[in-house]
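Heads up, the thing below is written out as structure tokens.
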Number of protein chains: 2
Amino acid sequence: MKKLVLLFGLIPAITHAQQSYNNAMSDSAVIKLIADDIMVSRTPYNNLHDLTKKVGGRLAGSPQMVMAENWGKKAMEAAGADKVIMQECMVPHWVRGGKDEASVNYKDAGGRVQRFALNALAIGNSLGSGAKGVEGTVLRVNSFDELEQQKDAVKGKIIFYNVPFEETFIETFRAYGKNVVYRGAGASRAAKYGAAGVVVRSMTNAEDNHPHTGSLKYNDSFPKIPAVAIGIQDVAKMNELIDKKFVLNAKLITHGKQLPDTIGHNVIGELTGTEHPEEIITVGGHLDSWDVNEGAHDDGTGVVQTIEILRAFKALGYKPKHTIRFVLFANEENGTRGGLKYAADAKANNLTMLFALESDAGGFTPRGFGFSVSDSVWNKLYAWKKLFTPYGGDMFVRGGGGADIGPLKETFGTALAGLSPDSQRYFDVHHAVSDVFEAVNIREMKLGAVNMAALLYLVDKYGL
Amino acid sequence: MKKLVLLFGLIPAITHAQQSYNNAMSDSAVIKLIADDIMVSRTPYNNLHDLTKKVGGRLAGSPQMVMAENWGKKAMEAAGADKVIMQECMVPHWVRGGKDEASVNYKDAGGRVQRFALNALAIGNSLGSGAKGVEGTVLRVNSFDELEQQKDAVKGKIIFYNVPFEETFIETFRAYGKNVVYRGAGASRAAKYGAAGVVVRSMTNAEDNHPHTGSLKYNDSFPKIPAVAIGIQDVAKMNELIDKKFVLNAKLITHGKQLPDTIGHNVIGELTGTEHPEEIITVGGHLDSWDVNEGAHDDGTGVVQTIEILRAFKALGYKPKHTIRFVLFANEENGTRGGLKYAADAKANNLTMLFALESDAGGFTPRGFGFSVSDSVWNKLYAWKKLFTPYGGDMFVRGGGGADIGPLKETFGTALAGLSPDSQRYFDVHHAVSDVFEAVNIREMKLGAVNMAALLYLVDKYGL
């Protein structure tokens with residue numbers, strides 16, 4: 001394709017003589033300065049590569065968590081933080097404990113026993129089955145309503161939550177929001193009626209067979225039964241057999257253990273404010289990830305964007321009026337302890353938490369931001385919308401934020417924003433082994449950082 | 001990440017009972033109907049898979065071109081076209097003719113001859129070097145201005161056009177537009193001063209070493225010298241040595257041949273208009289691709305989107321007022337003969353060409369459309385913008401269209417539109433071996449089709 005040749009053929013080459021920030025520049029000129037700096041920066045590629053390939057999966061409590069914290073501290077220092085705070089934080093310590101196994105057997109039309117393995121991952125926080133595993137007849141349900149209707153048939157069964165991922169929701173987080181309750185509460189809801197274990201259909205738009213893990217929360221009133229997620233191709237295989245009235249038996253062998261809480265850290269890089277050092281603007285992502293992947297989109301990209309904004313501000317000589325804290329939160333995936341600690345510590349120190357921005361929806365091309373703010377703040381923010389149009393981030397909607405910054409709103413009423421990248425590809429890789437460095441497009445990730453930096457600059461300059 | 005659970009957890013599951021179009025529906029309801037149908041459709045996946053994996057690269061004149069035409073005809077029929085027209089069209093017939101080879105040698109600091117191969121692809125339409133190849137000292141230039149300044153030094157040299165791809169242009173087509181002249185005209189501009197051959201830096205944002213081909217146009221006044229594109233890692237290697245003042249010699253062996261024009265076809269599926277059958281709305285992409293890849297984003301996705309809109313309209317029982325022609329253009333990459341023929345034929349048959357829409361910028365998540373239209377048409381289109389917001393395609397800008405529909409504007413003054421997908425990833429794969437099925441996200445491609453279908457529906461319903 002070459003249609004734009006005529007349109008753009010005459011644009012002269014621009015030069016890269018590095019400019020510095022000065023107060024006389026227009027907002028659009030400052031944002032362009034930031035954008036130019038970030039779009040040619042090699043740091044995001046290098047940082048994401050190191051975090052995903054050298055540290056890798058980094059669930060709270062793991063040795064990789066400690067490596068990630070040390071890496072984060074060094075990266076913040078290299079980016080030019082005025083200081084780096086390692087904020088201690090107790091984190092949960094769940095371990096997978098071994099290789100998850102799941103299989104199905106059934107008698108075919110000729111009475112022969114057929115057997116196949118499922119591509120399964122134990123759901124985070126779930127407890128192991130014991131070495132012998134759990135076994136039972138499969139009962140398929142498509143909703144909790146169906147579970148309730150069949151509650152007398154649940155005892156001793158393996159409940160198969162077969163809730164399709166809603167492809168017609170253009171915003172894929174809506175589909176996730178609809179289904180995630182089955183992963184989160186499905187085990188205890190089934191255990192209430194005596195189920196032996198649960199198998200949850202992965203929440204994904206992908207065509208592959210990777211299972212997508214995530215966390216559950218047991219209800220202490222009921223037995224803590226094993227729970228696994230399975231891939232979509234295995235789901236299709238099971239559904240085909242069940243539709244043909246075959247009786248399936250499933251066996252699950254898992255090894256999950258909840259160890260005592262351990263010590264982790266929020267890694268906080270700071271640029272100290274020149275006019276209102278006691279008023280804090282927060283930007284961050286979470287440093288932890290699931291154990292089975294590289295945590296690239298979730299949330300390596302949020303981490304890398306956070307550090308990149310610090311680097312760019314410092315490189316351009318931008319000195320914020322307010323203190324900006326660049327935060328790598330210790331634990332989001334199975335506890336959100338990092339965000340809770342950050343808010344509690346700010347409360348204990350009587351800080352003013354002006355604004356918080358999180359990137360935790362993947363490193364995809366940015367579309368805009370979701371804001372949880374008052375009407376007056378919304379009106380102020382909305383007036384800046386056009387400054388984001390050249391960078392693709394001008395879709396401003398109400399509602400949004402992030403799991404790690406949520407406690408700030410609860411504690412202080414802080415104005416929150418969440419970066420909204422395009423969501424089409426997120427659930428292809430979310431919480432699956434496929435969330436790796438190679439799934440990230442570096443330009444898309446950097447463009448997210450550009451929009452985030454622009455928002456932080458405006459909030460810092462004009463206040464809220 | 002799980003932040004949206006609370007926001008969306010309570011949305012009830014929607015049902016998929018397939019509705020049909022009826023006149024009483026609001027525009028937003030019709031567009032939702034179209035979107036729901038396309039987002040759950042398996043046809044785009046299957047069609048793209050077949051075109052890329054079973055047909056593959058399909059340059060004009062190749063056996064794969066004929067396979068692609070036959071495939072396109074069947075796919076149009078399967079989608080429910082009222083009729084399928086195979087519009088004959090003479091197309092250029094360039095062949096690569098063999099394996100392209102390029103290498104560099106130089107004397108290192110110790111006087112030893114060092115040699116390395118370049119990952120090179122002959123540029124389309126370029127003629128072969130002869131079996132012995134061409135060889136010469138490398139002269140690096142960063143612009144045509146530099147070439148002119150050094151014109152007395154060009155004779156017998158291999159000119160290395162080292163024009164960096166502009167990373168600070170957020171819209172990547174601007175960077176392409178700035179640099180593509182070196183691929184297109186660089187050989188003849190250098191041959192004018194006696195160059196032996198040219199090596200062109202690939203126009204890409206990717207970090208890999210794939211060379212990106214494309215077409216050139218020789219100026220008949222000068223010798224038709226060999227021309228190759230090379231990958232970015234090889235560019236870096238050469239630049240490093242040249243910066244260190246080593247004298248490089250390069251050798252190019254290419255085999256390109258321009259054979260006599262041959263017969264191809266525009267594949268035209270038609271839904272005949274119920275009220276204005278003589279007024280034609282055109283939508284399309286181009287069926288041809290470069291020989292070295294699967295032509296997935298360029299322009300398999302445009303082809304698949306075109307067919308998908310036809311399928312959805314037919315499946316929903318939508319009967320357009322105007323005739324809609326769904327066109328797979330025969331030849332865009334090295335001649336744009338398909339579009340020229342389509343316009344000439346419409347002129348010869350005295351048709352009214354109301355509107356034309358092309359998708360030829362990749363199958364990425366849609367951002368909006370570019371329109372080349374009059375002020376009054378622009379105002380009409382702009383009033384529809386909000387209908388596109390739920391589908392991500394509401395960035396309406398002036399200027400745009402497509403290479404294949406351009407001749408309609410020249411011939412008839414037809415109002416033109418081009419789909420504008422997000423451009424961040426396009427030049428990672430454009431004209432390189434990496435433009436394959438796996439590089440396409442099916443949801444993103446389908447969402448492009450949704451926005452295109454919505455635009456066609458509105459133009460058909462309200463006219464222009």
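The values are calculated or read from the model by the stated rules, or taken from the named source; none is laboratory data. This one's a predicted model, so the numbers in the text were calculated from it and none came from an experiment. Cβ atoms come from the backbone with ideal geometry, glycine included; neighbour counts cover every protein chain shown. The protein model used for the area step is the full one, side chains on, heavy atoms only, and it has no ligands, DNA or RNA in it. Shrake-Rupley method; radii C 1.70, N 1.55, O 1.52, S 1.80 Å.
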Item checked: Leading residue by the ranking (surrounded by the fewest Cβ atoms within 10 Å (Cβ to Cβ)) among those in segment B:93-146 that are more than 30 Å from B:GLY61 (Cα to Cα) and among the aliphatic types (A, V, I, L, M) -> B:ALA109
Notebook entry, point to check: Here are some conditions: (1) at pLDDT 95 or above; (2) more than 10 Å from every other protein chain (Cβ to nearest Cβ); (3) closer than 21 Å to B:ALA449 by Cα; (4) surrounded by 14 or more Cβ atoms within 10 Å (Cβ to Cβ). B:TYR21 meets all but one. Which one does it not meet?
Noted result: (1)
Next item on the list: Please enumerate the residues belonging to segment A:209-237 that are assigned to a loop (DSSP other than H, G, I, E, B) and either among the hydrophobic types (A, V, I, L, M, F, W, C) or open to solvent by 50 Å² or more (accessible area, probe 1.4 Å) (or both).
Entry: A:HIS210, A:LEU216, A:LYS217, A:ASN219, A:ASP220, A:SER221, A:PHE222, A:PRO223, A:LYS224, A:ILE225
Next item on the list: Residue by residue through segment A:178-188, note down the ones that are facing chain B (nearest Cβ under 10 Å), open to solvent by 10 Å² or more (accessible area, probe 1.4 Å) and within 15 Å of A:GLU146 (Cα to Cα).
Entry: A:VAL181
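Residue-by-condition table, conditions (1) out of contact with any helix residue (DSSP H, G or I) (no Cβ under 6 Å at 6 or more places or on another chain); (2) closer than 23 Å to B:HIS430 by Cα; (3) more than 14 Å from chain A (Cβ to nearest Cβ):
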residue	(1), (2), (3)
B:VAL40	yes, no, no
B:THR43	no, no, no
B:THR52	no, yes, yes
B:LEU59	yes, yes, yes
B:GLN64	no, yes, yes
B:GLY72	yes, yes, yes
B:MET76	yes, no, yes
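Which of the following residues is more than 28 Å from A:LEU33 (Cβ to Cβ), open to solvent by 10 Å² or more (accessible area, probe 1.4 Å) and not assigned by TED's automatic domain parsing to the domain that holds A:ALA191: A:GLU240, A:GLU294, A:GLU279? Can you show your working first?
Numbers: A:GLU240 fails: not assigned by TED's automatic domain parsing to the domain that holds A:ALA191; A:GLU279 fails: more than 28 Å from A:LEU33 (Cβ to Cβ).
A:GLU294 is the lone residue from the list that is more than 28 Å from A:LEU33 (Cβ to Cβ), open to solvent by 10 Å² or more (accessible area, probe 1.4 Å) and not assigned by TED's automatic domain parsing to the domain that holds A:ALA191.
Looking only at residues that are without any contact (Cβ under 8 Å) to a residue 60 or more places away in the chain and not acidic (Asp, Glu) in segment A:243-266, which one is most open to solvent (accessible area, probe 1.4 Å)? Steps first, please.
Here is the first cut: in segment A:243-266, the ones without any contact (Cβ under 8 Å) to a residue 60 or more places away in the chain are A:243-245.
Filter once more, so that each one left must be not acidic (Asp, Glu): A:244-245.
Values: A:LYS244: 121, A:LYS245: 168 Å².
Per the stated criteria, the residue is A:LYS245.
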Next item on the list: Quickly run through segment B:179-208 and pick out the residues that are more than 21 Å from the chain's Cα centre (by Cα) and in a strand (DSSP E or B).
Entry: B:GLY197, B:VAL198, B:VAL199
Next item on the list: Determine if segment A:74-84 includes at least one residue that is part of a strand (DSSP E or B) and either under 26 Å from A:GLY339 (Cα atoms) or more than 18 Å from the chain's Cα centre (by Cα) (or both).
Entry: yes
Next item on the list: Report the residue count in segment A:120-141 for those that are farther than 19 Å from A:LEU216 by Cβ, assigned to a loop (DSSP other than H, G, I, E, B) and either in contact with a Pro (Cβ under 9 Å, 6 or more places away or on another chain) or not basic (Lys, Arg) (or both).
Entry: 1
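I'd like the residue in segment B:401-452 that is among the hydroxyl-bearing types (Ser, Thr, Tyr) and out of contact with any Ser or Thr (no Cβ under 9 Å at 6 or more places or on another chain) and, out of all such residues, is farthest from the other protein chains (Cβ to nearest Cβ). Full working, then the answer.
Looking only at segment B:401-452, we keep the residues that are among the hydroxyl-bearing types (Ser, Thr, Tyr), and these are B:411, B:414, B:420, B:423, B:426, B:434.
Narrowing the set further to residues that are out of contact with any Ser or Thr (no Cβ under 9 Å at 6 or more places or on another chain) leaves B:411, B:420, B:434.
Details: B:THR411: 17, B:SER420: 11, B:SER434: 12 Å.
Ranking the candidates gives B:THR411 first.
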Item checked: strands (runs of 3 or more DSSP E) wholly inside segment A:324-428 that include at least 1 residues being of a type in the set (D, E, K, R) and closer than 30 Å to A:VAL292 by Cβ -> A:352-358, A:366-372
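Would you mind stating whether B:SER289 is open to solvent by 10 Å² or more (accessible area, probe 1.4 Å), among the hydroxyl-bearing types (Ser, Thr, Tyr), touching an Asp or Glu at 6+ places or on another chain (Cβ under 9 Å) and at negative phi?
Numbers: open to solvent by 10 Å² or more (accessible area, probe 1.4 Å): no; among the hydroxyl-bearing types (Ser, Thr, Tyr): yes; touching an Asp or Glu at 6+ places or on another chain (Cβ under 9 Å): yes; at negative phi: yes.
Taking the combined requirement at face value, the residue does not satisfy it.
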Margin query: Checking the condition surrounded by 22 or more Cβ atoms within 10 Å (Cβ to Cβ), within 28 Å of B:GLY448 (Cβ to Cβ) and either of a type outside the set (Asp, Glu) or not assigned by TED's automatic domain parsing to the domain that holds A:GLY400 (or both), which residue from A:ALA175, A:ALA196, A:ALA191 passes?
Written below: A:ALA175
Note to self: Take B:PRO277 and tell me if it is over 25 Å from B:ASP422 (Cα atoms) and either assigned to a loop (DSSP other than H, G, I, E, B) or modelled with pLDDT under 95 (or both).
What the structure shows: no
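From the list B:GLY57, B:GLY98, which residue is at positive phi and modelled with pLDDT of 95 or more? If you could, list the steps in order and put the result at the bottom.
Numbers: B:GLY57 fails: at positive phi.
After ruling out the rest, the residue left standing is B:GLY98.
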Next item on the list: Please go through segment B:163-172 and pick out each residue that is in contact (Cβ under 8 Å) with a residue 24 or more places away in the chain and open to solvent by 10 Å² or more (accessible area, probe 1.4 Å).
Entry: B:VAL163, B:PRO164, B:PHE165, B:GLU167, B:GLU171
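For segment B:155-180, give me each residue that is of a type in the set (A, V, I, L, M, F, W, C) and farther than 22 Å from A:LEU447 by Cα. Please lay out each step first, then the result.
Here is the first cut: in segment B:155-180, the ones of a type in the set (A, V, I, L, M, F, W, C) are B:158-160, B:163, B:165, B:169-170, B:173, B:175, B:180.
Of everything in segment B:155-180, those that are of a type in the set (A, V, I, L, M, F, W, C) and farther than 22 Å from A:LEU447 by Cα turn out to be B:ILE158, B:ILE159, B:PHE160, B:VAL163, B:VAL180.
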Next item on the list: May I ask you to say which residue of B:THR301, B:THR336, B:THR306 is within 14 Å of chain A (Cβ to nearest Cβ) and under 26 Å from B:ARG42 (Cβ atoms)?
Entry: B:THR301
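Of the residues in segment A:426-445, how many are charged (D, E, K, R) and surrounded by 24 or more Cβ atoms within 10 Å (Cβ to Cβ)? Before you say what the answer is, go through the steps one by one.
Our first condition is that a residue be charged (D, E, K, R); within segment A:426-445, this holds for A:428, A:435, A:438, A:443-444.
If we keep only those that are surrounded by 24 or more Cβ atoms within 10 Å (Cβ to Cβ) as well, we get A:435.
Looking only at that region, the number is 1.
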